[in-house]
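To start, the structure itself, in structure tokens.
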Amino acid sequence: MEHPLKSTLDRIADALERLAPAPPPRPSFEAARLFRHDPATGGFVAAPDYPLPLDSLVGVERQKTQFLKNLERFAEGRPANHVLLWGVRGTGKSSISKAAFMAVVAGRPDLKLVEVDRDQVTALPPLFDLLRARPERFVVLCDDLSFEDGAAAAKALKSALEGGVSGPPANVLFVATSNRRHLMPRGHSEDRGLIATAEDAEEEISVSDRFGLWIGFPPMDQPTYLEAVEAYARRYDLIVADLERRALQWSQLRGGRSGRVAWQFIRDLAGELGKDLPL
């Protein structure tokens, strides 16, 4: 006859097993080349290829060349630096990251891009540990990175990039875009006191030093803006007589010039003319 205590313990064990979270799914990277990481489940969600060609990004030739060279070295297994692309909004930082990856990934089935949300920086150390054991090579991209939540996220990113006692994973290249070179939030609360606030600021600034390659994106001047508009118009066969005048009016309504503003004008023009665009 079974002892009553054993029966009770078995029921408790069964209940705990049902309550325990399911183990994260075994990652599979065969389905795509681009993925989004979901820290809540530990899974990787496949994403479609990025459709904008690298050569369609105008006015950032120096930046494209710098980023592409570093990425090619990483893809070939040579030493490469983690990259911080910083500068004003809409100048092509995120677009260059993805378009350059698409240019390099051709013929390299083992190269993958994993995008992480900027609010999930604290999940980077376990993510890097997971990717370290994989045979593929990974570009991990965090768009619009800043440390609005303070030094905890900065410490997590430093830990991921330094890799602890085992060192940083050789098969991971971290790429971040930011509007600010030192990744600091616009304001620091003084609720914790001046010394603690200064220590948080120092922690956040020191993260920038972990990026071996900084690529700056200055504001776009008018000739470069019009060059971008004309390049897009030629590529997608958007022929109008007053293209320049309309493009300048569009930028005035938007209050500035950038590659993003140029692309938004082209989207509006394509819609007017009934043409299709890749994005």
Consider the range 66-82. How many of its residues are under 14 Å from the mean Cα position of the chain (by Cα) and in a loop (DSSP other than H, G, I, E, B)?
1
Got a sec? Which of G256, G216 is small (G, A, S), at pLDDT below 90 and either over 28 Å from Q63 (Cα atoms) or outside any helix (DSSP H, G or I) (or both)?
G256
Would you pick out the residues in the range 127-153 that are surrounded by 14 or more Cβ atoms within 10 Å (Cβ to Cβ) and assigned to a helix (DSSP H, G or I)?
L127, F128, D129, L130, L131, R132, A151, A153
Inspect all residues belonging to the range 83-106 and state whether any of them is over 25 Å from R234 (Cα atoms), among the polar types (S, T, N, Q), in a loop (DSSP other than H, G, I, E, B) and touching a helix residue (DSSP H, G or I) at 6+ places or on another chain (Cβ under 8 Å).
no
Just to be sure I understand, how many residues within the range 245-266 are of a type in the set (D, E, K, R) and either farther than 20 Å from G90 by Cβ or loosely packed, with under 14 Cβ neighbours inside 10 Å (or both)?
1
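Okay, residues lined up against (1) crowded, with 17+ Cβ neighbours inside 10 Å; (2) under 20 Å from V172 (Cα atoms); (3) in contact (Cβ under 8 Å) with a residue 60 or more places away in the chain; (4) in contact with a Cys (Cβ under 7 Å, 6 or more places away or on another chain):
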{"site": "T41", "(1), (2), (3), (4)": "no, no, no, no"}
{"site": "D49", "(1), (2), (3), (4)": "no, yes, no, no"}
{"site": "L68", "(1), (2), (3), (4)": "yes, yes, no, no"}
{"site": "L71", "(1), (2), (3), (4)": "yes, yes, yes, no"}
{"site": "G77", "(1), (2), (3), (4)": "no, yes, yes, no"}
{"site": "K112", "(1), (2), (3), (4)": "yes, yes, yes, no"}
So A103, is it in the same structural domain as E76 (by TED's automatic domain parsing) and surrounded by 22 or more Cβ atoms within 10 Å (Cβ to Cβ):
no
Regarding L161, is this residue outside any loop (DSSP other than H, G, I, E, B), at pLDDT below 90 and within 18 Å of W214 (Cβ to Cβ)?
yes
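Okay, residues lined up against (1) free of Cβ contacts under 8 Å to residues at least 60 places away in the same chain; (2) outside any strand (DSSP E or B); (3) not assigned by TED's automatic domain parsing to the domain that holds A152:
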site: F211; (1), (2), (3): no, yes, no
site: E227; (1), (2), (3): no, yes, yes
site: A231; (1), (2), (3): no, yes, yes
site: I239; (1), (2), (3): yes, yes, yes
site: E244; (1), (2), (3): yes, yes, yes
site: V261; (1), (2), (3): no, yes, yes
site: Q264; (1), (2), (3): yes, yes, yes
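The values are calculated or read from the model by the stated rules, or taken from the named source; none is laboratory data. Predicted, not measured: the structure shown is a model, and the values here were computed from it. Because the Cβ atoms are built from the backbone with ideal geometry, glycine has one as well, and the counts that use them run over all protein chains shown.
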